[in-house]
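Here's the structure, in structure tokens; my notes come after.
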Amino acid sequence: MSALIIFGLLVALMLTGMPISIALGLTVLSFLFTMTDVPIDTVALKLFTGIEKFEIMAIPFFILAGNFLTHGGVARRMINFATSMVGHWHGGLGLAGVIACALFAAVSGSSPATVVAIGSVILPAMVAQGFPRQFGAGVITTSGALGILIPPSIVMVMYAVATSGMQVQGPDGQLVDSASVGELFMAGVVPGLMLAGFLGFTTWYRARKYGYPRLAKANLAQRWTAFREAIWGLLLIVVVIGGIYTGIFTPTEAAAMSAVYAFVVAVFVYKDMKLADVPRVLLSSANMSAMLLYIITNAVLFSFLMTSENIPQTLGNWMVDAGLSWWMFLIIVNLLLLAAGNFMEPSSIVLIMAPILFPVAVRLGIDPVHFGIMIVVNMEVGMCHPPVGLNLYVASGITRMGITELTVAVWPWLLTMLIFLLLVTYVPAISLALPALLGM
Amino acid sequence: AAQDKIIIKFSHVVAPDTPKGKGAAKFEELAEKYTNGAVDVEVYPNSQLYKDKEEMEALQLGAVQMLAPSLAKFGPLGVQAFEVFDLPYIFADYDALHRVTKGEVGQMLFSKLEDKGIKGLAYWDNGFKIMSANSPLHTTDDFLGLKMRIQSSKVLEAEMNALGAVPQVMAFSEVYQALQTGVVDGTENPPSNMYTQKMNEVQTHATVSNHGYLGYAVIVNKQFWDGLPAEVRAGLEQAMAESTDYANSIAREENEKALEAMKAAGTTEFYELTPEELQAWKDALAPVAEEMTDRIGADVIEAVKSASGS
Amino acid sequence: MLRLLDRLEEVLIASLIAAATLLIFLSVTHRYALGLVADGVAFFRSHGFDGLSALAKTSYFGLRSVNLVWAQELTIIMFVWMAKFGAAYGVRTGIHVGIDVVINRLEPAKRKGFVLFGLLAGALFTGTIAALGANFVWHMAHASAISPDLELPMWIVYLAIPLGSALMCFRFLQVALGFLRTGELPHHDHGHVDGLEDGVEEVGEAILHSPLTPRDLTEKDK
Ligand code: NA
Ligand code: NA
């Protein structure tokens, strides 16, 4: 009963168009005030302690690093490098776009940022080369989604944060810990490379079918030059992933180090950014981070209300009693998340849904890390289809194409992603093999 | 009727199958029995409702009635006398410890919580800590450059500094991964914590140093407690006394079992200090108490020392 | 006066994010350097260079006397303050996300009503939190709790909640008033904020169309 009231109120408030964070907060306040004896002062306490966690701080650091990289000339050099390697294949620049997106995804934690960074450089070039605009838009909109699957990933941090400290009973009654940021990052590597391969294949196949232009093959010297120019950006991949894996840093520290590194590369090495631009980059990063942290605090408050009303547990009992098996549950989760992706952006979806779905998933025997990767892939798909799809909007801005036209343009790649989603959902080994190999 | 029952929300931050978790469950059972059902205890394990960092404020606000926080939590609350429990080698053994926690000195320390709106009911043991790392720890020279994880505490910081290590503050939940990847080199834990967190899998060496104590205090919101009918309070006190003995005996057993199990697992080499080495550790750590005297209070340290008989 | 407040808000959050980044950078570097020097001590000792070993040991203890144990705690506090005041700045720049697919289908007059309702709801929520937070801080000030590592009084640390929320409430009212007067809402325009010359128009345009950006009602009629 209380679940119905809470969700009814939340949905009603959200549909009025008010910020999601405010809708969450008001739902909690009004419910706590009218229906429970929880002292209302705890709301103020939760609003502070909700983000008082070191792992959450990875989010602002990654955003700052991303902003230095986006306009710091790193993306352009990565594209040149990728083009020199695969430009002569079918789909030339398009294929280079997929690879450049994957490379940039390995230093950036956000998908729209990846679309902006790679798309704004490569899309005009593709049109100039004679590719149809739809083709380029389709490639970049979907490949940009790799930003949250290949580590680092802000959405993975959100999932770890939303389920952090939860210890839930598995099917045999044993306690299962939630997934850590480090585990999720490592688990994202294989699916990320795989999806990049899938998207690259679709690009290659369609380019060959329609006879799109190829570039002249770069010689070894040209490739070496392109590699040397891109090396500062590529080294950041080593700093982030290598740093976490070898234990020099925690994920949060890696994020801070990459922000400092990206600043040095953008301002002093590539010199594409002036020192005078730095305060404005800081301000816009703080703005974006604060918005996400504000959603987190209110989502933590909401999940406190859920727990104190025992809703995840009730839902779990209900599903287990109904005889739901793990694969049926995963279908439901996929449909639910894809539907939510029609209205909300990934951070809010993960923060609201993960704490509720996670205990059920664990009780049905699903691995917390696998479940997290599956959610991330779902979010990727959601970013590429209308009505709300961040990547679509960003790509629409760059290409000046309408959303409807873009939706038609992305379908071959979107279909590829849906097939990949099924694979990731039902083959846990794709996500779990690497962390297991590393002994995590 | 059910709605007339006095509800005690007992929140803690560990799993139900730990000594503290079992103690809480025992209290729930006994409290309901000894008050003839006048009280309904609701146990919330695993930080379900309030996290480690917020539970103390939640208690003071009256959002929960009962907690069992680590003794290290009272320093930040402004009662630094409790930091005496963190001092290295302050208790020779469990008997010495219990002469303090079950005696007047324990009550004297609890009385310092009262103007924070908190009433202390009992001390629950976790156990004596052992030192672990990925290299042998026999002498203080072995600590040089080691990044050792501690929980936030000025005393523990001073302890690691005195040994020559680099103290690193880190949340308990992050320790396993930090040890595994090498972000930190080692840590200190009672054996049961080390074993349940599987830290023996990621530590090659441990020294059974028993150099420090880890314990909890069961506390209630004072206003709530004082407002209870006298016979209910008596029932709860009896329940608490019995569950304290129960929790302490389980804690001790679990530590012994955990140590055996980790030795059997063979991933960690356990080392017993020779009498000379032990004395060297004690000598190296002796300055910690002096350094901390101004914080903790000379009278408190003296009282604990004389009560414990060490 | 208002412009001074705007400036202060911007300088505060930009400095906090920069300071936190530098602090973590320093503490990681410090930790890594300590490890290196300690390795040096062991290396010299095992190769019989006793003088060098002693020298390295001295520098180790010298380096370790720089105590950075509190860095993590201070980073968290700085970020919480950044988050609370940044959220207020975000109202002014229109960055807070809402689901607008439904109200965008309504006729302009009704939509205007919903937008106002949303802004006032924001003011109500943040105003309530400011009051609750002030009450909470007042209690904390009497409890004399301190933060574990830096030993700062907790009530000062928690002051971020009432101050940040009050500012946010003020910003919601400010935006609502502006909307009533002109029918316009603030845009969140990345391109402009990043302040970079080339290719920014396109990027800014892209973000303008993102759902992260509150819709300008006049623009929506197209
Ligand atoms: Na990424
Ligand atoms: Na979508």
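Only one of these is within 30 Å of residue B:50 (Cα to Cα), in contact with a Gly (Cβ under 9 Å, 6 or more places away or on another chain), in contact (Cβ under 8 Å) with a residue 24 or more places away in the chain and surrounded by 22 or more Cβ atoms within 10 Å (Cβ to Cβ): A:171, A:152. Name it.
Values: A:171 fails: surrounded by 22 or more Cβ atoms within 10 Å (Cβ to Cβ).
Going through A:171, A:152 in turn, just one is within 30 Å of residue B:50 (Cα to Cα), in contact with a Gly (Cβ under 9 Å, 6 or more places away or on another chain), in contact (Cβ under 8 Å) with a residue 24 or more places away in the chain and surrounded by 22 or more Cβ atoms within 10 Å (Cβ to Cβ): A:152.
Matching residues to (1) within 13 Å of chain B (Cβ to nearest Cβ); (2) among the hydroxyl-bearing types (Ser, Thr, Tyr); (3) assigned to a helix (DSSP H, G or I):
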position: A:221; (1), (2), (3): no, no, yes
position: A:228; (1), (2), (3): no, no, yes
position: A:239; (1), (2), (3): no, no, yes
position: A:242; (1), (2), (3): yes, no, yes
position: A:254; (1), (2), (3): yes, no, yes
position: A:258; (1), (2), (3): no, yes, yes
position: A:267; (1), (2), (3): no, no, yes
position: A:273; (1), (2), (3): no, no, no
Item to check | residue A:51 outside any helix (DSSP H, G or I), closer than 30 Å to residue A:180 by Cα and either modelled with pLDDT under 85 or not β-branched (Val, Ile, Thr) (or both) | outcome: yes
Checklist entry - Do we find a residue being surrounded by 20 or more Cβ atoms within 10 Å (Cβ to Cβ) and farther than 30 Å from residue A:359 by Cβ anywhere in the range B:44-52? => result no
Next on the checklist: Cβ-Cβ under 6 Å, sequence separation 6+ or interchain: first residue in the range C:16-31 and more than 7 Å from every other protein chain (Cβ to nearest Cβ), partner part of a helix (DSSP H, G or I) and of a type in the set (Val, Ile, Thr). Which pairs?
Outcome noted: C:20/C:75; C:23/C:75
Next on the checklist: Of everything in the range B:172-194, what is more than 9 Å from every other protein chain (Cβ to nearest Cβ) and surrounded by fewer than 22 Cβ atoms within 10 Å (Cβ to Cβ)? Give them in sequence order.
Outcome noted: B:172
Checklist outcome for this item: For the range A:354-382, pairs from a residue that is within 24 Å of residue A:174 (Cα to Cα) and within 14 Å of another protein chain (Cβ to nearest Cβ) to a residue that is within 16 Å of ligand 1 (Cβ to nearest atom) and of a type in the set (A, V, I, L, M), with Cβ under 8 Å and 6 or more apart or across chains, are A:369/A:184; A:369/A:187
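Here's the yes/no breakdown for (1) over 27 Å from residue B:158 (Cβ atoms); (2) of a type in the set (A, V, I, L, M, F, W, C):
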residue	(1), (2)
B:217	no, yes
B:257	yes, no
B:262	yes, yes
B:275	no, no
B:280	no, yes
B:296	no, yes
Checklist entry - Any idea how many residues of the range A:111-148 are under 18 Å from the mean Cα position of the chain (by Cα), away from ligand 2 (no atom under 16 Å from the Cβ) and modelled with pLDDT under 90? => result 6
Item to check | Any hit, the range A:64-73, residues being farther than 27 Å from residue C:85 by Cβ and more than 15 Å from the chain's Cα centre (by Cα) | outcome: yes
Checklist entry - Do you know which residues across the range C:62-79 are exposed (fewer than 14 other Cβ atoms within 10 Å of the Cβ) and either within 12 Å of chain B (Cβ to nearest Cβ) or touching a residue at least 60 places away in the same chain (Cβ under 8 Å) (or both)? => result C:65, C:66, C:67
Item to check | Inter-residue pairs, beta-carbon under 8 Å, first more than 7 Å from chain C (Cβ to nearest Cβ) and in the range A:6-18, second among the charged types (D, E, K, R), 6+ apart | outcome: A:6/A:309
Checklist entry - Which residue pairs have Cβ atoms under 8 Å apart, sit 6 or more places apart or on different chains, and have a first residue in the range A:390-413 that is more than 8 Å from chain C (Cβ to nearest Cβ) and more than 13 Å from ligand 2 (Cβ to nearest atom) and a second that is of a type in the set (Val, Ile, Thr) and in a helix (DSSP H, G or I)? => result A:409/A:141; A:412/A:202; A:413/A:139; A:413/A:141; A:413/A:142; A:413/A:202; A:413/A:203
Checklist outcome for this item: Taking the range B:149-171 and keeping residues touching a residue at least 60 places away in the same chain (Cβ under 8 Å) and within 14 Å of chain A (Cβ to nearest Cβ) leaves B:151, B:152, B:171
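What residue, of C:27, C:65, C:53, C:59, is touching a Leu at 6+ places or on another chain (Cβ under 9 Å) and hydroxyl-bearing (Ser, Thr, Tyr)?
On the way: C:65 fails: touching a Leu at 6+ places or on another chain (Cβ under 9 Å); C:53 fails: touching a Leu at 6+ places or on another chain (Cβ under 9 Å); C:59 fails: touching a Leu at 6+ places or on another chain (Cβ under 9 Å).
It is C:27.
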Checklist entry - When you go through (1) under 20 Å from residue B:98 (Cα atoms); (2) touching a residue at least 40 places away in the same chain (Cβ under 8 Å) one by one for residue B:245, which number turns out not to apply? => result (2)
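Condition (residue is out of contact with any Cys (no Cβ under 8 Å at 6 or more places or on another chain) and free of Cβ contacts under 8 Å to residues at least 60 places away in the same chain) applied to the range A:296-306: is it met by at least one residue?
Taking the range A:296-306 first, the residues out of contact with any Cys (no Cβ under 8 Å at 6 or more places or on another chain) are A:296-306.
From what's left, free of Cβ contacts under 8 Å to residues at least 60 places away in the same chain: none.
The answer is no, given that none of the residues of the range A:296-306 is out of contact with any Cys (no Cβ under 8 Å at 6 or more places or on another chain) and free of Cβ contacts under 8 Å to residues at least 60 places away in the same chain.
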Item to check | Matching residues in the range B:252-276 - criterion: being among the small types (Gly, Ala, Ser) and either outside any loop (DSSP other than H, G, I, E, B) or surrounded by 12 or more Cβ atoms within 10 Å (Cβ to Cβ) (or both) | outcome: B:258, B:261, B:264, B:265
Next on the checklist: Which of the helices (runs of 4 or more DSSP H) found entirely inside the range A:79-175 contain at least 3 residues meeting this: more than 10 Å from ligand 1 (Cβ to nearest atom) and touching a helix residue (DSSP H, G or I) at 6+ places or on another chain (Cβ under 8 Å)?
Outcome noted: A:92-105, A:120-129, A:133-143, A:154-163
Checklist entry - Any residue in the range A:75-85 that is crowded, with 24+ Cβ neighbours inside 10 Å, more than 16 Å from ligand 2 (Cβ to nearest atom) and under 19 Å from the mean Cα position of the chain (by Cα)? => result yes
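Looking at C:86, C:98, which is the one that is touching a strand residue (DSSP E or B) at 6+ places or on another chain (Cβ under 9 Å), surrounded by 20 or more Cβ atoms within 10 Å (Cβ to Cβ) and away from chain B (no Cβ under 14 Å)? Even if it seems obvious, please write down each step before you answer.
Numbers: C:86 fails: touching a strand residue (DSSP E or B) at 6+ places or on another chain (Cβ under 9 Å).
Answer to the selection: C:98.
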Item to check | Residues of the range A:312-330 satisfying the condition of being free of Cβ contacts under 8 Å to residues at least 24 places away in the same chain and either more than 23 Å from residue A:379 (Cα to Cα) or among the β-branched types (Val, Ile, Thr) (or both) | outcome: A:317, A:318, A:321, A:322, A:323
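The values are calculated or read from the model by the stated rules, or taken from the named source; none is laboratory data. Keep in mind it's a predicted model, so treat the numbers as computed, not measured. Ideal geometry is used to build each Cβ from the backbone, glycine not excepted, and the neighbour counts take in all protein chains shown.
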